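The values are calculated or read from the model by the stated rules, or taken from the named source; none is laboratory data. These figures come from a predicted structure and were not determined experimentally. With ideal geometry, Cβ positions are generated from the backbone for all residues, glycine too; neighbour counts draw on all protein chains shown. The area values use the complete protein model at the heavy-atom level, side chains included, leaving out ligands, DNA and RNA. Shrake-Rupley method; radii C 1.70, N 1.55, O 1.52, S 1.80 Å.
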Amino acid sequence: MYVGKFVYPDYFVTIMAKKKIVALLSGGLDSTLAVKTMQKQGFEVSAVAIKTPFCDFDCGRGCGFEIRERADDLGVDLKTVYLGDEYIEMLKHPKYGFGSGMNPCIDCRAMMFEAGKKHMEEIGAEFIISGEVLGQRPMSQFAPALKKIEKLSDLEGKIVRPLSAALLPATDPEKNGLIKRKDLGMIRGRSRKEQIQMAKEFGIEDPPNAGGGCLLTDPAFSLRAKDLFKHIETPTTNDIDLLKIGRHFRLDKNSKLIVGRNKDENEMIKVLALPNDILLEDKENVGPTVLLRGDDTGKHVEFSASVTLRYSDAPKNETGVVTVHKNEDGREISIKPAEETSYIKLRI
Ligand code: SF4
């Protein structure tokens, strides 16, 4: 973009402002290299990081911290966008379906690019880049999927994937001469050899791993998520946060039992408990905090108390005491620990 011409006594100086572009940044190596590649070509990069209820940077894997650090290392400003209710809504019926878990990768990427597009328009950027590599991921990174993502996000011709762009059809910036094919990558597939080599060339010490983890690709989590969406029309972020911890048991179509597996999960279960949930604990022995949630939970209290004892340090053949709390009310139940066969078949 031309911004001015200053006249000095015996010569002219023309100042050219850097062209702005937006990058989807995951904090992983590929998106880092995509940014570096474009910075090398003189672009000013502004990064967007996307949080969803299933990858919120707060799961303890440290992604949030890594993205911030990565953006600082790259010298780019960072905007974080949270896709909450709209993401859950999309997950009910993703246009392009699911991958091997409950991952709706094509629709998910399209939503991320839409958020990037909004930022692009706000700051007057020319186009948007990402670290996607052709053929690297089974669902979303094959050529037809990349096309679908562009179409769904209404960004046809405006998405550049610098690591593989020389293998893909020309985008608008290439047609307009803003970027040249010779400066774009030809990386294909799952090997990270070329990326590691590029990282060396860019002087990136200690290259990051692949981008942050997505719970929707985790088989065990996907089973729990599918069960939740099958039984609740529109799950809340609280429902989803509960999916991330504990052992889950489906008692009937409206009721679920969640059993904490350690002290941290017990604490988290208490934090996530809603007014009508029932909380159970072994009164006399170390054991789990157990949450019973549903419409008609009263009929499941005794069974839940026996499961609570089963997972505590209580002797397995003796009657124990379980505290039961709902809202302000509390009571105690004397009961024997459940037989494993009575609850294991209910595990999700
Ligand atoms: S792996 Fe998860 S975050 Fe990544 S595109 Fe698929 S659904 Fe989205």
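Checking the a/c ratio against 1.5 first, then a/b against b/c, what shape does the Cα gyration tensor give for the chain?
Values: a/c = 2.87, a/b = 2.66, b/c = 1.08.
Verdict is prolate for the chain.
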To the nearest 0.05, what FRET efficiency results for residue 231 and residue 86 with a Förster distance of 22 Å applied to their C-beta separation?
0.55
If Lys and Arg each add +1 and Asp and Glu each add -1, what is the summed charge of the other residues whose beta carbon sits under 9 Å from the beta carbon of residue 27?
0
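With a ≥ b ≥ c taken as the square roots of the eigenvalues of the C-alpha gyration tensor of segment 108-261, please select rounded if a/c is under 1.5 and otherwise prolate if a/b is larger than b/c or oblate if it is not? Please report the intermediate quantities before stating the final value.
On the way: a/c = 2.74, a/b = 1.89, b/c = 1.45.
Prolate shape, in that a/c is at least 1.5 and a/b is the bigger ratio.
Pop out the carbon and sulfur fraction of the accessible area of segment 267-348 as a percent, whole number, probe 1.4 Å.
Details: 2190 of 4630 Å².
Result for segment 267-348: 47 percent of the exposed heavy-atom area is carbon or sulfur.
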Accessible area of segment 53-204 with a 1.4 Å probe: how many percent of it is carbon plus sulfur?
51 percent
If each DSSP helix of 4+ residues adds -39,500 (n - 2.57) and the sum is divided by the residues in the chain, what number results at 222 nm, nearest 500 deg cm²/dmol?
-10000 deg cm²/dmol
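Can you tell me the relative contact order of the chain? Whole percent, Cα pairs under 8 Å, sequence separation 6 or more.
Details: 613 pairs, mean separation 46.6, N = 348.
Worked out over the chain, it gives 13 percent.
In Å², and per residue, what accessible area does segment 218-275 have when probed at 1.4 Å with the other protein chains present? Walk me through the intermediate numbers first.
Details: 2840 Å² over 58 residues.
Dividing the accessible area of segment 218-275 by its residue count gives 49 Å².
When Lys and Arg each count +1 and Asp and Glu each count -1, what net charge do the other residues less than 11 Å away from residue 133, Cβ to Cβ, add up to?
Residues near residue 133 contribute +2 overall.
Using the heavy atoms of the protein chains alone and a 1.4 angstrom probe, what is the accessible area of segment 309-348 per residue in square angstrom? Working shown, then result.
On the way: 2670 Å² over 40 residues.
Heavy-atom SASA per residue in segment 309-348 reads 67 Å².
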Return the distance in nm (one decimal) between the two label points of a simple spin-label model at residue 342 and residue 206, each offset 7 Å from Cα along Cα→Cβ.
5.2 nm
